[in-house]
């Protein structure tokens with residue numbers, strides 16, 4: 001007996017079989033595990049370099065291009081994308097699926113070490129970031145003001161970051177760009193020698209006075 005004939009001759013049985021299949025599907029769907037943030041390792045590494053006070057053009061020629069030339073030879077790289085903006089260079093390295101990211105990270109670090117010798121002296125050391133879905137930022141804020149780079153960074157750090165950290169569920173906040181305020185101390189070696197004060201003692205005194213006050 002063929003299936004169409006069976007369905008016509010036994011409609012009740014056919015209907016019960018259909019209902020049974022639907023119920024099994026519903027039960028299977030309800031038992032299917034669901035994870036809103038599944039553990040997914042995307043074969044991507046990022047190299048971020050901060051060069052405070054540099055324009056986007058300087059970042060492109062003096063930082064991004066230098067790093068790209070050294071990282072292009074890393075094995076299993078599928079695609080390289082980069083972004084150069086004021087104060088910041090960001091390079092994304094996409095690898096072939098199945099690539100061991102720990103091994104790839106070691107290769108990238110070697111490339112960074114070679115390139116770092118050619119980077120500007122005032123540029124920070126490139127940071128290697130392994131992409132993780134669980135660490136993916138939820139929100140980005142871009143803040144501008146008619147202030148100096150150091151003043152703007154100080155405002156963002158004290159007025160924004162401190163408050164954002166106190167919000168329930170916020171794991172961390174980070175600041176990219178801007179300039180941290182520094183004080184340059186020039187030492188008069190002749191006066192130090194006249195006062196019989198070792199340079200190490202002066203450094204210790206300054207370090208003891210460098211206390212963050214609320």
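Observations on the model:
- Rg and Dmax of region 137-206, based on Cα coordinates, read 19.5, 58 Å.
- A convex hull fitted around the alpha carbon atoms of region 44-133 yields 84 Å³ per residue.
- Hypothetical label at residue 116: residues of region 58-91 whose amide nitrogen lies under 19 Å (7 Å Cα-Cβ projection): 62-74, 88-91
- Ascending count of other beta-carbon atoms within 10 Å, so fewest first, for 102, 69: 102, 69
- Efficiency of FRET from Cβ geometry, residue 128 and residue 96, R₀ 22 Å, rounded to 0.05: 0.75
- Full extension of the chain between residue 105 and residue 57 yields a length gain of 14.5 nm, computed as 0.36 nm times the residue separation minus the alpha carbon distance.
Values in this text are rule-based calculations from the coordinates and carry no lab data. Remember, predicted model here, so these are calculated numbers, not experimental data. A quick note on method: Cβ atoms are made from the backbone with ideal geometry, for glycine too, and the neighbour counts reach across all protein chains shown.
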